[in-house]
Amino acid sequence: MATRNVRTSDGHAADGALSRRRLLRLAGAGLGVVIAGTVTTACGPEEDGASGGAGESKPSAGGKGDGDAFTTPPAGSAPRALWQEATGVGSLGSDQVLAVVGNVVLLADDPLTARDIATGKKLWSLPGAAQPGARLIMGGDTLYLASGEYDGDLVGLDPATGKETWRSRLGGRYAQPRPIGADAERVYVIAGILEKDLSSRTNVIAAIDIRTGKALWNEKRDTGTEESGLTSAVLGERLVYTDHRENLTVRDTTTGRQLWSKKISRSNFERIAVHDGAVFVADGRHLRAFALDDGTERWALETEEFDTFNGPAVLEGVLYASDSAHALWAVDPATGKRRWHNPDLREVSVPRQFAKVGDTLYGATEFDENGGVQAYDARDGKLRWTYNDGTGAIDPWYVVSGGKRLAALHGRRLLALPAV
């Protein structure tokens with residue numbers, strides 16, 4: 001077994017072959033084109049309140065349909081779903097197809113749908129408002145989407161009511177602009193450039209002024225660079241993204257100027273994280289931290305030989321990531337020093353997407369009929385329970401926290417779980 005350590009290095013480990021899980025994820029991303037003990041309990045449809053028929057919603061035992069009366073099970077016992085609803089869009093796409101804003105669960109379904117996280121009650125739905133499976137980009141208190149009418153516009157919606165509060169004024173300059181990030185001043189998009197024959201052979205990264213709806217800047221990307229497959233994040237005055245050509249790129253959000261770009265050892269189809277002036281990426285066998293301003297590598301964490309890290313997340317000042325050796329890591333994002341490490345997950349699926357409520361870290365697994373939503377003790381990384389809906393579907397799970405509840409998406413099923 002290789003020694004795990006923190007080191008600073010400019011070298012890149014050779015990447016192994018793509019796993020079946022990754023190939024399935026890539027296929028899904030294309031369709032989507034655009035958070036105790038070690039006992040695991042899997043609940044079947046009758047045990048956890050899962051619906052036997054499409055669209056049927058049943059509160060968990062102890063609940064009374066209002067979503068307020070529930071208790072959290074002890075370690076080793078999975079909770080029961082508070083409510084669940086059938087969806088039109090599956091989970092083979094971006095994890096940002098699901099979001100929670102206040103008490104509202106948003107799903108880029110067809111139609112775009114908002115539900116009360118406590119009860120599952122539909123608050124509003126808008127047919128044609130969003131492209132199914134689109135990324136839900138929040139900037140301030142506004143939800144930004146590419147227009148579902150495919151007319152080249154961007155729209156801003158109030159997530160509480162679904163009412164349109166903003167629309168871009170791009171004048172047909174771009175082909176299918178799609179938001180990849182937003183802040184209080186700008187919406188950042190990737191878009192094709194319309195030629196005279198209405199074709200689009202090149203694309204740009206652009207910033208749209210929220211006040212005027214007009215483009216503040218646009219930067220042409222390299223010829224051959226694809227418009228899909230971007231993983232992106234915004235932090236302060238920095239826009240960060242990876243792409244299918246194995247680039248990690250950082251731009252100034254005010255001017256659009258590219259500050260730096262680095263090659264990583266594999267195309268990063270997973271998640272990147274930004275925090276306190278740094279970007280964190282899974283780079284094959286290494287988990288790396290780079291300074292946003294100049295690209296200097298701050299630290300690198302190494303897993304076992306022939307294994308790879310999955311995309312990281314930073315929650316409440318701690319970086320979390322899993323690896324293909326079926327281990328879970330908690331790391332200090334400033335130094336790369338390990339806070340804890342759980343290597344004892346070889347018999348279960350490891351999480352690839354995370355949420356945190358109090359002292360519990362929640363993880364969502366991918367492409368495993370025995371996976372689900374997992375609860376870990378955030379203080380030491382011990383697995384407390386796994387919730388599985390009993391469907392046997394190998395679709396990925398997504399989980400997002402909202403107050404005392406979790407919203408989870410699995411296949412064509414949206415549900416809520418207690419988080420306290």
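The values are calculated or read from the model by the stated rules, or taken from the named source; none is laboratory data. Predicted model only: the values in this text are computed from it and were never measured. Here the Cβ positions follow ideal geometry from the backbone for every residue, glycine too, while neighbour counts run over all protein chains shown. Just the protein is used for accessible areas: all its heavy atoms, side chains included, with ligands, DNA and RNA removed. Shrake-Rupley method; radii C 1.70, N 1.55, O 1.52, S 1.80 Å.
Here is a check on your reading of the model: is R201 over 26 Å from the mean Cα position of the chain (by Cα), among the charged types (D, E, K, R), at pLDDT 80 or above and not in a strand (DSSP E or B)?
Considered against the rule, which asks whether it is over 26 Å from the mean Cα position of the chain (by Cα), among the charged types (D, E, K, R), at pLDDT 80 or above and not in a strand (DSSP E or B), R201 comes out as no.
Tell me, which strands (runs of 3 or more DSSP E) lie completely within the stretch 141-192 with 3 or more residues that are among the hydrophobic types (A, V, I, L, M, F, W, C)?
Output list reads 142-146, 154-157, 174-182.
Pairs please, first residue from the stretch 180-191 and among the charged types (D, E, K, R), second anywhere and in a strand (DSSP E or B), Cβ atoms under 6 Å, 6+ apart in sequence or on different chains.
D183/G139; D183/V234; R186/A207
So which of R135, R115 ends up being in contact with a Pro (Cβ under 8 Å, 6 or more places away or on another chain) and open to solvent by 10 Å² or more (accessible area, probe 1.4 Å)?
R135
Can you name the number of the only condition in (1) modelled with pLDDT of 90 or more; (2) open to solvent by less than 60 Å² (accessible area, probe 1.4 Å) that Q258 fails?
(2)
Across the stretch 309-329, what is the total count of residues that are of a type outside the set (S, T, N, Q) and open to solvent by less than 10 Å² (accessible area, probe 1.4 Å)?
Residues that pass the stated criteria total 11.
Within the stretch 128-168, can you find the residues that are of a type outside the set (A, V, I, L, M, F, W, C), farther than 21 Å from D209 by Cβ, out of contact with any helix residue (DSSP H, G or I) (no Cβ under 7 Å at 6 or more places or on another chain) and modelled with pLDDT under 90?
G128, Q131, P132, G148, E149, Y150
Scan the stretch 196-209 and report the pairs whose first residue is under 27 Å from D183 (Cβ atoms) and whose second residue is exposed (fewer than 14 other Cβ atoms within 10 Å of the Cβ) and modelled with pLDDT under 70, with Cβ atoms within less than 7 Å and a gap of 6+ or a chain change.
T202/T223
Working only within the stretch 336-380, note down all residues that are over 26 Å from L414 (Cα atoms) and of a type in the set (D, E, K, R).
Those that are over 26 Å from L414 (Cα atoms) and of a type in the set (D, E, K, R): K337, R338, R339, D344, R346, E347, R379, D380.
Of all residues being within 17 Å of the chain's Cα centre (by Cα) and of a type outside the set (G, A, S) in the stretch 97-112, which is surrounded by the fewest Cβ atoms within 10 Å (Cβ to Cβ)? Just the residue, please.
V101
So G381 ticks every box in (1) assigned to a loop (DSSP other than H, G, I, E, B); (2) touching an Asp or Glu at 6+ places or on another chain (Cβ under 8 Å) but one. Which box is left unticked?
(2)
When you go through L414, L383, L361 one by one, which is the residue that is in contact with a strand residue (DSSP E or B) (Cβ under 6 Å, 6 or more places away or on another chain) and under 21 Å from A108 (Cα atoms)?
Going through L414, L383, L361 in turn, just one is in contact with a strand residue (DSSP E or B) (Cβ under 6 Å, 6 or more places away or on another chain) and under 21 Å from A108 (Cα atoms): L414.
Looking only at the stretch 274-288, count every residue that is open to solvent by 10 Å² or more (accessible area, probe 1.4 Å) and in a strand (DSSP E or B) and tell me the total.
2
Has the stretch 53-71 got any residue that is under 18 Å from V373 (Cα atoms), modelled with pLDDT of 50 or more and part of a strand (DSSP E or B)?
no
Might you let me know whether the stretch 83-93 holds any residue that is modelled with pLDDT under 95 and acidic (D, E)?
no
Tally up the residues in the stretch 338-359 that are open to solvent by less than 20 Å² (accessible area, probe 1.4 Å) and of a type in the set (V, I, T), please.
Residues in the stretch 338-359 being open to solvent by less than 20 Å² (accessible area, probe 1.4 Å) and of a type in the set (V, I, T): 1 in total.
Would you pick out the residues in the stretch 360-374 that are surrounded by fewer than 24 Cβ atoms within 10 Å (Cβ to Cβ) and modelled with pLDDT of 95 or more?
Residue satisfying the conditions is T360 alone.
Could you pull out the residue among Y150, Y174, Y144 that is open to solvent by 40 Å² or more (accessible area, probe 1.4 Å), aromatic (F, W, Y) and either touching a strand residue (DSSP E or B) at 6+ places or on another chain (Cβ under 9 Å) or within 28 Å of G411 (Cα to Cα) (or both)?
Sole residue among the options that is open to solvent by 40 Å² or more (accessible area, probe 1.4 Å), aromatic (F, W, Y) and either touching a strand residue (DSSP E or B) at 6+ places or on another chain (Cβ under 9 Å) or within 28 Å of G411 (Cα to Cα) (or both): Y150.
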